[in-house]
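Right, one structure below, let's go through it.
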Amino acid sequence: MTAQQPHDLNCLTVAELEKHAEQCMDKQTRDYYNEGADSGSTLLENSQAYSKYRIRPRVLRDISLIDTSCPLFGARSPLPMGVAPTAMQCLAHPDGEAATARACREAGVVIGLSSFATTTLEDVAAASGSNPRVLQLYLFEEREHSRRLIQRAKAAGYKAVFLTVDTPMLGRRNLEIRNQFKLPKPYKIANFAEDSDSPASKTVMDGAASDTDADKREGKKSTSAPGVHDGEKRTPPAGPISFHTHAPNPTLCWDRDIDWLRKECKPEMEVWVKGIATGEDALLAVYHGVDGIVVSNHGGRQLNGALATLDALPEVVDAVQGKIPVHIDGGIRHGTEIFKALALGADFVWIGRPVLWGLSYKGQEGVALCLRLLRDEFTLCMGLAGTVKVPEISKDYLVKVDKSGFVSRL
Ligand SMILES: Cc1cc2nc3c(=O)[nH]c(=O)nc-3n(C[C@H](O)[C@H](O)[C@H](O)COP(=O)(O)O)c2cc1C
Ligand SMILES: CC(C)CC(=O)C(=O)O
């Protein structure tokens, strides 16, 4: 990714990228990617939270050499920004996660790969070369699948596992239900295509929606549903691995699961938790020895009514007191918003839907465009705000504007 890259005159902002992507995606994909849970208010507030803050630019500071780099996984990242894990990217473009990985490699930007990717983690590693990658993990109740995935990620050079902790149950996504969302053939949930614990596994890996998906939507009894105490013993979900059955794990807990995960991953891979939204849980994460936190509400797709991530960030940063890195995702659509998140104490940001929009628009080239737009906007923001180094970005550069227009220093 070079600074001299010509502009795509049809697409100069992430907002324009979103509009183009709308034309490129079929309805099922557009609805699945773009919607939030329930009324979508948290999805909306994730973005709106950024407009409560304005930047206080400083001048006459010689900003001729701007360094946008920051530390990440024991090395340096050229930007304080990575690509968040999002499932099933072949829905956006046939090249899917491999195209995203190639664009990330070109830009030197870390890629987060979803457990529920449509490309294997080995193929993404091959497309990434020496560029850093992390594996997002849904820790299944049936541990063997997860154990195998972790071993494969280690062998393929992944730097970290990001355990998603905001999905003890799946959020209610009404468009997904109405569309009877399913992964169309020939795509597969690639990382589990070889797992064949039961004969039924093979069927769902072929890409068809499982009966289990339909049963879940219709509210039929499932072993993975959280416990209403009816005296029956819980059994983990068996059979086909589909995201409706296996991604949510209502049994996850700090003591047993985080400790197990650290033992499985370390020392080769770091263990992070993705989906922290309170100071209390941030303290527990530190106590349980995780290497980092992502403040996230899953892009507003889980608990609707939860606080916007930018609003949750300060209490997490206060609780952590710099002991481990704090990252954030949700609603970031412009380089100035990366700046605001860092000014409020985040060490790094992750970008979700805009990357999917880029992928839908032009495959690898579209993802590269998305990353370039955000990079250029962020660099421009640093320069115009009078900062030349990422660690200089602090709350001194922000004011908060309340609903009546009253401006306060932070
Ligand atoms: C279509 C889609 C699929 C997602 N899949 C996953 C996933 O498999 N695992 C996960 O932890 N988060 C997943 N996420 C959440 C993202 O990692 C991230 O938290 C969120 O997209 C950030 O918000 P943004 O889209 O507003 O940038 C998904 C988000 C979207 C939009
Ligand atoms: C596998 C799914 C649960 C993917 C996901 O996290 C999402 O759709 O938000």
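The values are calculated or read from the model by the stated rules, or taken from the named source; none is laboratory data. Small disclaimer: the values here were computed from a predicted structure and weren't measured. Please note: Cβ atoms are built from the backbone with ideal geometry, for glycine as well, and neighbour counts cover all protein chains shown. Note: accessible area is taken over every heavy atom of the protein model, side chains too, but ligands, DNA and RNA are not part of it. Shrake-Rupley method; radii C 1.70, N 1.55, O 1.52, S 1.80 Å.
Quick grid of which residues meet (1) assigned to a strand (DSSP E or B); (2) under 18 Å from VAL316 (Cα atoms); (3) open to solvent by 10 Å² or more (accessible area, probe 1.4 Å); (4) of a type in the set (Val, Ile, Thr):
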position	(1), (2), (3), (4)
ILE258	no, no, no, yes
LEU261	no, no, no, no
GLU268	no, no, yes, no
GLU280	no, yes, yes, no
ALA285	no, yes, no, no
GLY289	no, yes, yes, no
ILE293	yes, yes, no, yes
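Name the residue that is most open to solvent (accessible area, probe 1.4 Å), counting only residues in segment 310-323 that are touching a helix residue (DSSP H, G or I) at 6+ places or on another chain (Cβ under 6 Å) and closer than 23 Å to ASP257 by Cβ. Within segment 310-323, the match that is most open to solvent (accessible area, probe 1.4 Å) is LYS323. Please indicate, with yes or no, whether at least one residue in segment 179-195 is crowded, with 22+ Cβ neighbours inside 10 Å, assigned to a helix (DSSP H, G or I) and of a type in the set (Phe, Trp, Tyr). There is at least one residue in segment 179-195 that is crowded, with 22+ Cβ neighbours inside 10 Å, assigned to a helix (DSSP H, G or I) and of a type in the set (Phe, Trp, Tyr). Considering each residue of segment 143-159 in turn, none proves to be within 14 Å of ligand 1 (Cβ to nearest atom), aromatic (Phe, Trp, Tyr) and not in a helix (DSSP H, G or I). Of ALA3, ALA98, ALA75, all but one fail to be more than 16 Å from ligand 1 (Cβ to nearest atom) and at pLDDT below 95; the exception is ALA3.
Checking the conditions here, which among LYS403, LYS395, LYS362 is crowded, with 16+ Cβ neighbours inside 10 Å and within 22 Å of ASN46 (Cβ to Cβ)? So that I can check it myself, show each step before the final result.
Values: LYS403 fails: crowded, with 16+ Cβ neighbours inside 10 Å; LYS362 fails: within 22 Å of ASN46 (Cβ to Cβ).
From the options LYS403, LYS395, LYS362, the qualifying one is LYS395.
If you filter segment 43-52 down to residues that are closer than 11 Å to ASP311 by Cα and surrounded by 18 or more Cβ atoms within 10 Å (Cβ to Cβ), you find that the one that is farthest from ligand 2 (Cβ to nearest atom) is TYR50. For the criterion of being in contact with a strand residue (DSSP E or B) (Cβ under 9 Å, 6 or more places away or on another chain) and more than 25 Å from VAL390 (Cα to Cα), GLY345 fails.
When each of ARG30, ARG105 is tested for being without any contact (Cβ under 8 Å) to a residue 12 or more places away in the chain and assigned to a helix (DSSP H, G or I), the lone residue that passes is ARG30. Quick check on this structure: which one of ILE328, ILE332 is in a strand (DSSP E or B) and open to solvent by less than 10 Å² (accessible area, probe 1.4 Å)? Matching residue, one of ILE328, ILE332: ILE328.
Can you go through ALA103, ALA87, ALA75 and tell me which one is closer than 30 Å to ILE393 by Cα, open to solvent by 10 Å² or more (accessible area, probe 1.4 Å) and aliphatic (A, V, I, L, M)?
Details: ALA103 fails: open to solvent by 10 Å² or more (accessible area, probe 1.4 Å); ALA87 fails: closer than 30 Å to ILE393 by Cα.
Of the residues listed, the single one that is closer than 30 Å to ILE393 by Cα, open to solvent by 10 Å² or more (accessible area, probe 1.4 Å) and aliphatic (A, V, I, L, M) is ALA75.
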